[in-house]
Amino acid sequence: MKQRQSGLGLKSELMNQIQEAFDRAHAENRAALIAYLPAGFPNKTKSIEILEIILENGADLVEVGLPYSDPLMDGPVIQQAVEISLAQNTTIEDCFDVVEQVAQANKPVLIMSYYSPIDKYGVKQFVSKFAKAKGAGVITPDLTVEEAAEWLSETEQQGVNRVFVVAPSNSKERLGRVVKEVDGFVYAASLMGVTGTRDTLSKDAQELVNQLREITSLPIAVGLGVSTPEMAKEVSRFADGVIVGSAFVRILLENPDFAIAKKLIAELTVQLRAGVTRN
């Protein structure tokens, strides 16, 4: 990870958490396992419990989704979960609470959020409160670097890792512009389209990762469509991290008995962790 100065001085321990997670995975000859779940789904307390279970069973990092009413990248499974969260009036403050609670596991906790709610809340205030909640980084899937001046400034000053999303459609020139502004890891979308569980992985994913390898030394994690241990293993052969979201959400949607859902999520996490191990 590149070194940088912030209003807090040298990078904080929290800023290093992400790189350390990827380094640890690399030392163990595997990709890092990254899990996503919307805050407030099935409710605030249960979302905290699920994320803790996922971390306890082998995930290296987790992404807390900030529920938003116009989720451009989200497929029907995550959209349904977000609607359930929004129906319970989950707020940005609730998301910070989830981050703060889950971060007690001493593993990196990120927020994944569209930029509109951040902008409406106030960029400076958002970054400040996120940092106080001991969050390690923020993923902004719809924010372009050309429109990110205030975001870049505030995250720089307050020592918060930035994660931008790149897609197979991006030119090499554009990839270069984006990765210059990334701190934590590069989020490589495996395909054009929305999130969701799939039976096969797009062939564009490896080509995108290969292009990124030529222009950055940052860790590269692949998401959008990874749903099984077999797919996780395939991605782990060429990426530094594997991101899984819809598969966890689907278990919760299909199993209203929370005890059963927890058991199934723990089992899936263990299987995915085995899947990302290279052998």
(request) Could you list the square roots of 5 times each eigenvalue of the Cα gyration tensor of the chain, that is, the equivalent ellipsoid semi-axes, sorted largest first and rounded to whole Å? (result) 25, 23, 18
(message) Cross-link candidates for LYS263: which lysines have Cα within less than 26 Å, leaving aside residues fewer than 8 places away along the same chain?
(response) LYS44, LYS46, LYS107, LYS233
(message) Only counting other Cβ atoms within 10 Å, I'd like ASP240, ASP97 sorted with the fewest neighbours first.
(response) ASP97, ASP240
(message) Test of understanding: what is the full-extension gain from SER217 to SER116, defined as 0.36 nm times their sequence separation minus their Cα-Cα distance?
(response) 33.4 nm
(message) Ignoring everything except DSSP H segments at least 4 long, calculate the 222 nm mean residue ellipticity for the chain; use -39,500 (n - 2.57) per segment, divide by total residues, nearest 500.
(response) -14000 deg cm²/dmol
(message) I'd like the Karplus ³J(HN,Hα) series for the stretch 108-123: coefficients 6.51, -1.76, 1.60, θ = phi - 60°, whole numbers in Hz, and an x wherever there's a Gly or Pro.
(response) x, 10, 10, 9, 10, 8, 5, 7, 4, x, 5, 4, 5, 5, x, 4
(request) Report the FRET efficiency, 1/(1 + (r/R0)^6), for SER69 and ALA105, where r is their Cβ-Cβ distance and R0 is 35 Å, rounded to 0.05. (result) 0.75
(message) To check you understand DSSP bridge types, tell me what percent of the beta bridges within the chain (both residues inside) are antiparallel, rounded to 5.
(response) 10 percent
(request) For the chain, give the magnitude of the charge dipole about the Cα centre (Cβ charges: +1 Lys/Arg, -1 Asp/Glu; no others), in debye to the nearest 20. (result) 520 debye
(request) Work out the FRET efficiency for GLN79 and GLU146 from their Cβ-Cβ distance, taking R0 = 30 Å, and round it to the nearest 0.05. (result) 0.65
(message) Run the numbers for ARG24 and ARG237: contour at 0.36 nm per residue of separation, minus the present Cα-Cα distance, in nm.
(response) 75.0 nm
(message) Sort 216-225, 50-59 by the packing proxy (mean of other Cβ within 10 Å over each peptide's residues), most packed first.
(response) 216-225, 50-59
(request) Determine, for each peptide in 102-111, 133-142, the mean count of other beta carbons within 10 angstrom over its residues, then list the peptides with the highest first. (result) 133-142, 102-111
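Each value in this text was obtained by applying a stated rule to the coordinates, not by laboratory testing. Just so it is clear, the model here is predicted, and its values are computed rather than measured. Cβ: placed from backbone, ideal geometry, glycine included. Neighbour counts: every protein chain shown.
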